1. Size of the dipole of the chain about the Cα centre, Lys and Arg at +1 and Asp and Glu at -1 on the beta carbon, nothing else charged, in debye to 20?
2. Ranked by Cβ crowding within 10 angstrom, fewest neighbours first, how are 471, 79 ordered?
3. Using helices alone, what [θ] at 222 nm do you get for the chain, with -39,500 (n - 2.57) per DSSP H run of 4 or more residues, divided over all residues and rounded to the nearest 500?
4. Taking 7 Å along the Cα-to-C-beta vector as the label spot, tell me the residue 580-residue 504 distance in nanometres, rounded to one decimal.
5. Please give the length that would be gained between residue 671 and residue 262 if that part of the chain were fully extended, namely 0.36 nm times their separation in residues minus their C-alpha to C-alpha distance (nm, one decimal).
6. Using label points projected 7 Å from each Cα along Cα→Cβ, tell me how many nm separate residue 232 and residue 615, to one decimal.
7. I'd like to compare 433-441, 35-43: which one has the highest average count of other Cβ atoms within 10 Å, and what's the full order after that?
8. So, by mean Cβ neighbours within 10 angstrom, what's the order for 403-409, 8-14, 515-521 with the highest one leading?
Amino acid sequence: MTQKLDLAELLDALDPQAHLAHRHLWLIDLLRWVRGGRDSVPHAVARMTLLLDTLQQRPDARAKLQAWWRVLLSTVDATALLADYGFSSRSAFASELAERLRLKWLPGTPETVDASALFSLVLCDAFDAQWISALDDATLMRLSELLQLSCLDAGNDNCAWVPQVKQGSVSPWQATLLEALTFCTSQIRATGFSPELRLRMSAPALETAPFHALDGDIMALQVAFLASPHVNSAERQDALQRYLSRLEACRQAAASVYTHLDANGISVNLVFQLRQLRERVLRVRALLDCLLAANPQASTARLLAHLVLVGQARRSLRALIASNSSMLAAKVAERSSETGEHYITRTRAEYGAMLRDAAGGGAVMSLTTLFKFMVLSLGLSAFWSGFYAGLNYALSFVLIQLLHWTVATKQPAMTAPAMAAKLKDLDEPGAIDLFVDEVTHLVRSQVAAVVGNLALVAPCVVLISAALWFTLGKPMIDVKEAEHVLHTLHVFGPTALFAALTGVLLFASSIIAGWVENWFVLHRLDSALRYNPKITAALGIARAGRWAQFMRDNISGLAANVSLGLMLGLVPAFAAFFGLGLEVRHVTLSTGQLAAAAASLGLAVLQQSAFWWCVVGIVVTAVLNVGVSFYFAFRLALRAHNIGGIDRSRIRTAIRARWRHAPLSFFLPAKETIPTPPANDKVD
């Protein structure tokens, strides 16, 4: 029954005694007819009204539909749909990711007694949530009267637990709601008892033990409801209030875990469990509305519309990753912001220190350039050449970190979160001017770092090449390779693309650094290094303490440097395997290569236009390395800090005004003035 049918044909084709799959296919076709072209909610609502009118005019079709409904209730268990639809049966993030991939890739079958599987086939479009929400009270009442049955009439297994004397006054829908509430409550209780959450809950939450009494409260509410299904008795109200109060206490106890995570590292799996628990609490409240509200039909429509949207989100990989990694992104941005503040210079002394540190980094990078050409001269395969080149980069970056020097391109991914954090206070008086001040500080800090790196890497490479010439009789690279360097670094080649790719790798290394630091803190490895008996026996208590403190202070930088170095070496190798021909363009390394080429070609290279186009390419590489890395880190920080609604036009106007009136402030710090004391003050 897959062809498009009109309403009369659909009603004629209805057979309550048909095979399970065909009965469900009829329901799928009926909802497809109601949905129509998915372009008009009023049209879908009108088709639902037409269905009810037609059934009222055709008693035979109405009787067949009610018989079909009784068969559906007796064969399909809706409890799992109401209690578990949209939730994961797995507690781990990775398992849920695999499950969503299965749901996206593998088709479902209507030959099922699982109401959740059938629901995802019947109400499979987000448009369904819109027209269901648009149904008015009169239409909902007519639907309720059409499908109204008692447990005695339905013969539904879901009613088997209801006392025999009460089955005539309770509908299968109410019985299913009560059972779904019990299931949801059990899931909340089980989550609250998990060791991962209990170890991180606050002491007051553990003392009140709200999860212990949750089962007793839901049983009391169930008994009170069955005692008076149609009367809101005082006993039922008291039971409901006790249950809701206990449920809120459970929610607050679980929320106390976030404080621990914020201070001691984020676990994506724990965040996943906490979000599931919160959503289950909301589901319980929706089920209670369907059971106890004055207008249960409207509450039921809202629940069904919500389930439609939940079913859509259940297949979304992006929603899963975004919702459960937001706290980790915020923690990474926060830690990067703290580190980034150290890279922003505001005084002349700090500016001079940045130049010196960057110059030291440039000197080390000259040796990196030498070892890179040595690796290339070995003629290794693409993978091993990339691996040893990446190892060379990683060791150089780590050495620069241990010497407390700096590499310019590593800074943007750290300074961007620091800048984003300052956007929170833009509504304060004078905040725009203060933010522009920070922009000028940041730009000139980056300029100082780049200039410091390049000012020393080029002459040091030339000196190394000259030393090799005098000792070994040949420069760092031969003429043929030098000409190849001029060709690859030319600004009109793929330099810009490769420089932008390198900016992405620079940003990726900062993410890896934040994740590794969070992992280190979450698992308390600094404490393990300091106090583990095996480690203290091997290193001694004092040395173990020093190693623990060193790793706690430097784990982020080590992770960033090692990951960046290996990516710079291995990404081109993996890209070559797939025939992409991608390379990296790091401004400091590219400058070192250009200096090596110039040393081999001699002073005559200054008369070649290709050399000067390569110099322009170095400038482009610097801008793209810094700009792309900063852009991605800045956007991540904005999302992590939930910063929105920024008046960008005001910021751009203020920055342009500063550029017109004080362009040098973006490159050099202003001279500091020492305030003079008033004339009537005495100076000792």
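Please treat every number below as a calculation from the coordinates, not as lab data. Just so we're clear, the structure is a prediction, and the values are computed from it rather than from any experiment. As a convention, Cβ positions derive from the backbone with ideal geometry for all residues, glycine included, and neighbour counts pool all protein chains shown.
1. Working: 61 positive and 54 negative charges, 279 e Å.
With only Lys, Arg, Asp and Glu charged at Cβ, the dipole is about 1340 debye.
2. Numbers: 471 8, 79 21.
Neighbour counts put them in this order, fewest first: 471, 79.
3. Working: 30 runs with 504 residues, N = 684.
Value at 222 nm, helices only: -24500 deg cm²/dmol.
4. Here the answer is 0.6 nm between the modelled labels.
5. Values: separation 409, 0.36 × 409 = 147.24 nm, distance 4.09 nm.
Length difference between fully extended and current span is 143.1 nm.
6. So the label points at residue 232 and residue 615 sit 8.3 nm apart.
7. Values: 433-441: 17.1, 35-43: 12.9.
Packing proxy ranking, top to bottom: 433-441, 35-43.
8. Working: 403-409: 21.3, 8-14: 15.0, 515-521: 19.6.
The densest-packed peptide leads the list: 403-409, 515-521, 8-14.
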